[in-house]
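The values are calculated or read from the model by the stated rules, or taken from the named source; none is laboratory data. Being a predicted model, the structure only gives us computed values, none of them experimental. For neighbour counting, all protein chains shown are included, and Cβ atoms are generated from backbone atoms with ideal geometry for every residue, glycine included.
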């Protein structure tokens, strides 16, 4: 008859412990490990009291650490929720204000539309191209030499031949003489503020554009 060495577990028990350990050890895993060790110890050579007390102390420390993590996570969630609410409430004052936001489309309703082009470096010319729903170019606006910053433009709703175009959605794009794409912005009135989840965050509803992240607003007028 053979006996297991002190603290050693049978093969089946050891595999169970290894599976329990996995990538990390939880409170339940630690308790399972300690119980398995007690069940498989050599009865003629029981675990040393000092070692047993030490393991109990480790178990207590693990429990306290997990409780602390739970408390910290709960506090972080509450703080994040509070900050989100504060940001939404703090943005309510934007309702009714005109803002400049990035957009590749514009909504023409019969009156001139104001917009801007983001120029990263001084350029000899910035060009804005407006397309209809079919993707056909209906108007090209040459803004001339521009310094770095926001280059303003206005579209009166006319095509290249001076004919009025019908109200609707139009595409908008801009580039410099080298063909480098430039960011286009349109001006619109904020009609509402909301929260779109962790990925979106606080957003503003802009007339003619839709929902735009608060952090994307380029200018407030």
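Taking residue 91 as the residue in question, decide whether it is within 22 Å of residue 219 (Cα to Cα), touching a helix residue (DSSP H, G or I) at 6+ places or on another chain (Cβ under 7 Å) and surrounded by 11 or more Cβ atoms within 10 Å (Cβ to Cβ). Yes, satisfied.
Can you confirm whether segment 123-131 contains a residue that is under 29 Å from the mean Cα position of the chain (by Cα) and either modelled with pLDDT of 90 or more or more than 21 Å from residue 172 (Cα to Cα) (or both)?
Quick first cut of segment 123-131, residues under 29 Å from the mean Cα position of the chain (by Cα) only: none.
No: zero hits.
For segment 151-161, the set of residues classified as surrounded by fewer than 17 Cβ atoms within 10 Å (Cβ to Cβ) and either outside the structural domain of residue 124 (by TED's automatic domain parsing) or within 15 Å of residue 186 (Cβ to Cβ) (or both) consists of 152, 154, 156, listed by residue number. Residue count for segment 190-213, restricted to those that are over 21 Å from residue 108 (Cβ atoms), without any contact (Cβ under 8 Å) to a residue 60 or more places away in the chain and either touching a strand residue (DSSP E or B) at 6+ places or on another chain (Cβ under 7 Å) or surrounded by 15 or more Cβ atoms within 10 Å (Cβ to Cβ) (or both): 4. Flag: residue 87 matches the condition of being at pLDDT 65 or above, assigned to a helix (DSSP H, G or I) and either closer than 26 Å to residue 180 by Cβ or under 29 Å from the mean Cα position of the chain (by Cα) (or both).
One residue is enough: does segment 198-218 have a residue meeting the conditions over 25 Å from residue 92 (Cα atoms) and either part of a strand (DSSP E or B) or at pLDDT below 90 (or both)? The answer is no; no qualifying residue exists. No other residue among 205, 147 is over 31 Å from the mean Cα position of the chain (by Cα) and closer than 20 Å to residue 219 by Cα apart from 147. Tell me, which residue of segment 163-172 that is under 11 Å from residue 139 (Cα atoms) and touching a residue at least 60 places away in the same chain (Cβ under 8 Å) is surrounded by the most Cβ atoms within 10 Å (Cβ to Cβ)? Taking the candidates together, the pick is 172.
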